[in-house]
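The numbers here are math on the coordinates, done by the rules we state, and not lab data. What you are looking at is a predicted structure, and each value in this text was computed from that prediction instead of being measured. Note that we place each Cβ from the backbone using ideal geometry, even for glycine, and neighbour counts take in every protein chain shown.
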Amino acid sequence: MTAHLILSLLVPVAGSALIVLLRRNPNLREAASLVTAGVLFAIVLRIYGAVSDGARPEVILVEPFPGIPIALEAEPLGVLFALIASFLWIVTTAYSIGYMRGHHEKNQTRFYFFFAFAIASVMGVAFAGNLFTLFVFYEVLSLTTFPLVTHAGTEAARRAGRVYLGILFSTSIVFQLLGIIWVYAAAGTLDFAAGGILRGNVAAGTVPVLLALFVFGIGKAAVMPFHRWLPAAMVAPTPVSALLHAVAVVKAGVFAVLKVTVYVFGIDFVAELGASNWLMWIAAATIILGSLVAFTKDNLKARLAYSTVSQLSYVVLGAMLANSLGVIGSGMHIAMHAFGKITLFFCAGAIMVGAHKSEVSQLGGLGREMPVVFAAFLIGTLSIVGLPPTGGAWSKWFLGLGSLEAGQVGLVAILMLSSLLSLAYLMEIPLKGFFGKPAGAGHGSGDDDHGGHGHHGAPKWSVAAIVVTATACLVLFVYPEPFYRLMTMVTGP
Amino acid sequence: MAEHYPALQVVVPLLAAPLCLFVRNGRAAWGLAVLASWSALGISLVLLSQVTSSGVISYALGGWAPPIGIEYRVDVVNAWVLVIVSTIGALVAPYALTSVEREIGARRIPLFYTAYLLCLSGLLGITITGDVFNVFVFLEISSLSAYALIALGQDRRALTSAFRYLVAGSVGATFIVIGIGLLYSMTGSLNMADLAQLLPGVWESRTVKVAYGFLAVGFCLKLALFPLHLWLPNAYTYAPSPVTAFMASTATKVAVYMLLRFFLTVFGAAFSFDVMALDRVLLPLALVAVVSMSLVAIFQVNVKRLLAYSSVAQIGYMILGLSFATVTGLTATLLHLFNHALMKGALFMAMGCVMYRIGSVHIDAMAGLGRRMPATMAAFVAGGLSLVGVPLTVGFVSKWYLILGALERGWWPVAVLVLLASLMALVYIWRVVEVAYFREFTGDERTREAPWTLLWPTWALVVLNLYFGIDAGRTAGIARQAAEVLMTGIGQ
């Protein structure tokens, strides 16, 4: 099994090399991307099989410092994250083929190359065997996604790239690294262990400070006020926004928060000390404020981005509740939100390529031209809001239970309120699409001049990807079992 | 012959230097310089492996037994510094060939290699000797040749820069020789090990404390500790590219070594920290250096000057480690000597490549170079990331130990300041990266990648940056061993 762990890193790296080799032939190049993604998913499935049977394969890659190796270890939480990321990579690759060609993007080889590299770093984050390894891959992920964010190479992209790297690096260097070295100085180890490694090693008063260093230091979790990089990253091509900034990168953030809370601090330890009490409310504030800002955004991708900011804090909140139900809800929300949000981004991209619309106010009547896309958007919306018959219902359910268990009735109210808000700002889009009037004629004629493309519909590859993820949202309602089981393994008997 | 390695370490480059002058041919002189600096590297590696396995080597120069004769005394600390200096020397020498032919008139090329080898042997001599007056002699050899090397720069401002460096350097050397003289007057000895035995007897004397003060100022001038750094930025900016790469990676490191050797070995850690409060004097200076010089670097438009200010900030890190007065802190200092040599060497060499192709290192002139000179700029990015301290680079390793040292003392605000300063490093490095990768190229259409003779030494340093960032076990082990030697003193 250890070979599989190493392969989970090597396969995407090898894939990126292959992509460069095949750059002269776009069809072969894209085939290489698809095959790599498929192979990676198969590998992760094997690891999943082993881990759900109780195995915990681990392997040390190198040992940069005496006693602090770069090590990989498969445990249930990491497997859950790796499963989602590798599966959605296949779908996103298929989607990208349609999108990148339909949108006539330049430098596609560079795009696929860094994309594969970013996935390798995501696998490193998912299977990190200690805090140091997690940090290393976290930083590598920031670096490898930078060229993707600035793909367009324009002034706007450059500015966005600055915000992106600036916030992610500042938070991780100033807060997270400080926290990590602090943990090492106190505990003498950085290994993840059930129940945490800090009990008995630090004064009770420093635990809330340390926890805050991680919650804010993991900037990818986009807890306010360090969330600005996420809307900025929307300047990237839509597949990047979809996989990286709705799934891989942001989930790497909340995953890290969850993992640190469970395996470094230990939820019982946090709960006993009440170390997370104020951080819960920071997360709650991000949930509400993110939703409110999303309301004000007319640009579809920007609206989705703020919706992500809000939804990410659900996961952080679940971790901060520091009880089993909260952690289960938190882990399941990583999965459910991933499928829901990637569907929404896919739809946004399809609308942009197929109909050249990027603002919510322009979408009137488009649903009749692109029924599949808008229907999928509706399903994605239901999943984000947490309504049956979609998978999102489960994670919200457990998060609610966790809040009650923690005795925080106020948080339950906030969860309800935010669901209502997201229902309102997301529902507007399918409603407009199906029942709205087309945009004014004067405006429309301007659009028809647009390079003579007209409305030729979304690319076939992209629509296929949308159907897959939207169906997954529905399937996860009746069959959330694998994710639930993995999370109960995390919280223990 | 193996028992004479300590002497050969200095003698080989010292003898090669006048030979360069006699051959009068640039290429032949270059061949000699490469040969001499690679033999120096070989010898220093052998010495390091000897001292790590079997302890201190004492070599009586000319067969005169210490403390009367001059003793070369190699322990883990100076063997480590010897390796740093000779590694950089061995990479700068091959790099110099192409670069010097472009930046220095053909007539003066043999002179360049003469001065270069003198400088190298001076630095190696300071490091290896166990005699305090001998330190001064080698200090003068290295400094005088350094002034000449800087003055060879093609910009006329190189002359004034060299002159300012000469004034500052001479003041520093004078302070050092006064300090040495006072020590001699109190103890009658010039041998370091001997002095370490004799000085505790006269600790209370005011003369010894005055000597300490003179030495402190002298060393701090030489190592360019804020606010005695004013000579450094211009000297680095206007010197020929290989000279900058060499000086930035070695000269200040050797000065830091001198300070450590005198204050921790000769005077002893107890005297320095408990009586003279060295740590409390250096801590604020180091912090101000780290923060203010990083800030100044952000606003530079000449990239070599930017890197020079960054050097002053990085020297602050080294002194900061010392001011923790713990083994972990000193480990960070000693590691950073090596690590900073690797990253600054790589960065200045990359700038040398740019200078070679476009004749300028102004930030605006570098617009769009990311596509024109991909290998050069990739080396710059890698070296820059190491300077910032991104994981898997040597810069991260240094920072790790430095912050660990601060937290061990419970000084978390210091740790935060160090981290903030590395963010500033990110800002000034990123300014260059953005210009090179996001702006359109505006220069000469024929601009191509730098020749491989410049690229391979640059990339060799980049690879070392990454290698020792991923596998820091060995370097950290040696640095810790050296730190323990320094903290326990020479008696053990």
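Structure notes:
- Inter-centroid distance (Cα atoms) of region B:1-68 relative to region B:91-166, Å: 17
- Angle between chain A longest axis and helix A:76-102 axis [Cα atoms, degrees, rounded to 10]: 20
- Note on B:Arg102/B:Ile298: beta-carbon distance plugged into 1/(1 + (r/R0)^6) with R0 of 22 Å gives a FRET efficiency of 0.15.
- Shape summary of the protein assembly as shown, radius of gyration then Dmax from alpha carbon positions: 31.0, 102 Å.
- Exposure proxy ranking for A:Met1, B:Met293, based on other Cβ atoms within 10 angstrom of each Cβ and starting from the fewest, stands as A:Met1, B:Met293.
- Residue mean of other protein chain beta carbons inside 10 Å, A:172-184: 5
- Alpha-carbon centroids, region A:192-254 and region B:336-366: separation in whole Å: 35
- Each residue in B:Ser145, B:Ser310 was given a count of other beta-carbon atoms within 10 angstrom of its own, and listing them fewest first yields B:Ser145, B:Ser310.
- Folded to 0 to 90 degrees: helix A:460-478 orientation relative to chain A principal axis, Cα: 50
- Fewest-first ordering of B:Arg439, B:Arg448, B:Arg305 by other beta carbons within 10 Å of each residue's beta carbon gives B:Arg448, B:Arg439, B:Arg305.
- In chain A, the longest principal axis of the Cα atoms and the axis of helix A:131-149 are about 20 degrees apart.
- Tail beyond 37 Å, pair distance distribution of chain B (Cα, percent): 21
- Centre separation in Å (Cα based) which lies between region A:124-182 and region A:12-35: 25
- Candidates per trypsin sites (Lys or Arg not before Pro) in region B:140-231, loop by DSSP, up to 16 other Cβ within 10 Å: B:Arg156
- The chymotrypsin sites (Phe, Trp or Tyr not before Pro) of region B:374-435 include none that DSSP puts in a loop with a beta carbon having at most 14 other beta carbons within 10 Å.
- Region A:1-272 shape via C-alpha gyration tensor axes, a/c threshold 1.5: oblate
- Helical content of chain B, expressed as a calculated mean residue ellipticity at 222 nm, amounts to -25500 deg cm²/dmol (DSSP H runs of 4 or more residues, -39,500 (n - 2.57) each, divided by residue number, nearest 500).
- Checking the Cα-Cα distances for A:Lys259/A:Lys297; A:Lys259/B:Lys399; A:Lys220/B:Lys304; B:Lys222/B:Lys304; A:Lys259/A:Lys301; A:Lys251/A:Lys297 against a 27 Å cut-off, the pairs over it are A:Lys259/A:Lys297; A:Lys220/B:Lys304; A:Lys259/A:Lys301.
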